[in-house]
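Peer 1: Below is the structure I would like to discuss, written out as structure tokens.
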Amino acid sequence: MLAYDFMRTAFAASGVVALLAGLVGYFLVLRNQTFAGHALAHVGFTGATGAIMVGIAPLWGLVGFTLAAGLAMGALGERLSARDVAIGMTLSLALGFGLLFLHFYTAFATQATALLFGNVLGVDPESLLSLVVLSALSLAVLAAVSRPLLFASLQPELAEARGVPVRRVSVIFLGIVAVAVSEASQIVGVLLVFTLMVGPAAAARNLSPRFGVGVALSAALALAEAWGGLVLAWQTDWPVSFWITALSAAAYGLSFAPMAARASRALSRRRAASAGPGGAPAPRASA
């Protein structure tokens, strides 16, 4: 499998993107902004098809449009959260423009399919270099804002009272999300961005309430799903995106098992405490 250049490139590209998506996705789930990732992917589709139409690489159209949309969403902040209908119409319009661009250039139907569902096996060395550079820049910025970002995510009112620039941190974070969405779209497509951006992070949150452990688990799960999808696709000749999606769903489903076990043990302890010594019901205190 690794004797082929395109497979080595695919493993490298999916590894770089999975690590970025897992780390950024954890903050996305922590801040309850998973819808932002989905929305940015839709906007990115329009940017990618527009880039194809003018003859430049789809990745730069994706990055340009998602970055502009992410910064705008961060600047609007709470004013955007109560406008679901307007957001939905804007996303539909974005997809409509993407379809229009493809209508004018039907010769690029194969690229459109790759944009929608991903094509990690089609990543060339030049694109891999772009993914590595963008990931390194995004991770550097994320590391720089991680402390105020965590504070603003857990206690936004207190963070603002302590002088943390909550709005600026939000804008920067959504800019990072935009880049991560653009990169994840190269692997699983704009329609399946949730697979790498949200699935591993949500499973990690179920497995551990601790921040450090959760972040590490999210990145590890994203990496395992991306590489596991490549191996299974090689063995079965089924689409890579399908296997990554299936593994992500399986990990998320299995992540509920420890939660159920902890809840069962807590219930057993409460029942044992209420039963009292020898299994008899504990006497109630008199008023």
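Peer 1: For the range 117-130, give me the residue count where each residue is in a helix (DSSP H, G or I), in contact (Cβ under 8 Å) with a residue 24 or more places away in the chain and farther than 17 Å from Gly229 by Cβ.
Peer 2: Qualifying residue count for the region: 4.
Peer 1: Against the condition assigned to a helix (DSSP H, G or I), farther than 22 Å from Ala41 by Cβ, of a type in the set (A, V, I, L, M) and open to solvent by 10 Å² or more (accessible area, probe 1.4 Å), how does Ala216 come out, does it pass?
Peer 2: So Ala216 passes the test.
Peer 1: Exactly one of these conditions fails for Leu23: (1) open to solvent by less than 40 Å² (accessible area, probe 1.4 Å); (2) under 10 Å from the mean Cα position of the chain (by Cα); (3) not polar (S, T, N, Q). Give me its number.
Peer 2: Result: Leu23 fails condition (1) only.
Here is a yes/no grid of residues against (1) at pLDDT 75 or above; (2) crowded, with 16+ Cβ neighbours inside 10 Å; (3) in contact with a Phe, Trp or Tyr (Cβ under 6 Å, 6 or more places away or on another chain):
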site	(1), (2), (3)
Ala72	yes, no, no
Gly88	no, no, no
His103	no, no, no
Ala107	no, no, no
Thr110	no, no, no
Thr113	no, no, no
Leu116	no, yes, no
Pro125	yes, no, no
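Peer 1: Is it the case that the range 56-68 has a residue that's farther than 19 Å from Ser138 by Cα, out of contact with any Pro (no Cβ under 7 Å at 6 or more places or on another chain) and either free of Cβ contacts under 8 Å to residues at least 40 places away in the same chain or open to solvent by less than 30 Å² (accessible area, probe 1.4 Å) (or both)?
Peer 2: Yes, the range 56-68 contains at least one residue that is farther than 19 Å from Ser138 by Cα, out of contact with any Pro (no Cβ under 7 Å at 6 or more places or on another chain) and either free of Cβ contacts under 8 Å to residues at least 40 places away in the same chain or open to solvent by less than 30 Å² (accessible area, probe 1.4 Å) (or both).
Peer 1: Scan the range 219-235 residue by residue and report those that are crowded, with 24+ Cβ neighbours inside 10 Å and under 14 Å from Val16 (Cα atoms).
Peer 2: Leu221, Ala222, Glu225, Ala226
Peer 1: Right, something else. Give Ala136, Ala159 a once-over and let me know the one that is free of Cβ contacts under 8 Å to residues at least 12 places away in the same chain and within 21 Å of the chain's Cα centre (by Cα).
Peer 2: Ala136
Peer 1: State yes or no: is Ala143 in contact with a helix residue (DSSP H, G or I) (Cβ under 8 Å, 6 or more places away or on another chain), of a type in the set (A, V, I, L, M) and either part of a loop (DSSP other than H, G, I, E, B) or at negative phi (or both)?
Peer 2: No, not satisfied.
Peer 1: Would you pick out the residues in the range 160-208 that are hydrophobic (A, V, I, L, M, F, W, C), under 24 Å from Gly253 (Cα atoms), in a helix (DSSP H, G or I) and open to solvent by 10 Å² or more (accessible area, probe 1.4 Å)?
Peer 2: Leu191, Leu192, Phe194, Ala202, Leu207
Peer 1: What number of residues within the range 22-55 are in a helix (DSSP H, G or I), in contact (Cβ under 8 Å) with a residue 60 or more places away in the chain and over 21 Å from Leu99 (Cβ atoms)?
Peer 2: Matching residues across the range 22-55 total 12.
Peer 1: If I go through the range 1-23 residue by residue, how many of them are of a type outside the set (Val, Ile, Thr) and farther than 12 Å from Glu225 by Cα?
Peer 2: Qualifying residue count for the region: 13.
Peer 1: For residues that are of a type outside the set (A, V, I, L, M, F, W, C) and surrounded by fewer than 16 Cβ atoms within 10 Å (Cβ to Cβ), tally how many sit in the range 1-14.
Peer 2: Residues in the range 1-14 being of a type outside the set (A, V, I, L, M, F, W, C) and surrounded by fewer than 16 Cβ atoms within 10 Å (Cβ to Cβ): 3 in total.
Peer 1: Does Phe151 satisfy the criteria of being farther than 23 Å from Asp124 by Cβ and assigned to a helix (DSSP H, G or I)?
Peer 2: yes
The values are calculated or read from the model by the stated rules, or taken from the named source; none is laboratory data. Since the model is a prediction, treat every value here as computed from it, not as a measurement. Virtual Cβ from ideal backbone geometry, glycine too; neighbours counted across all protein chains shown. Heavy atoms of the whole protein, side chains included, go into the accessibility calculation; ligands, DNA and RNA do not. Shrake-Rupley method; radii C 1.70, N 1.55, O 1.52, S 1.80 Å.
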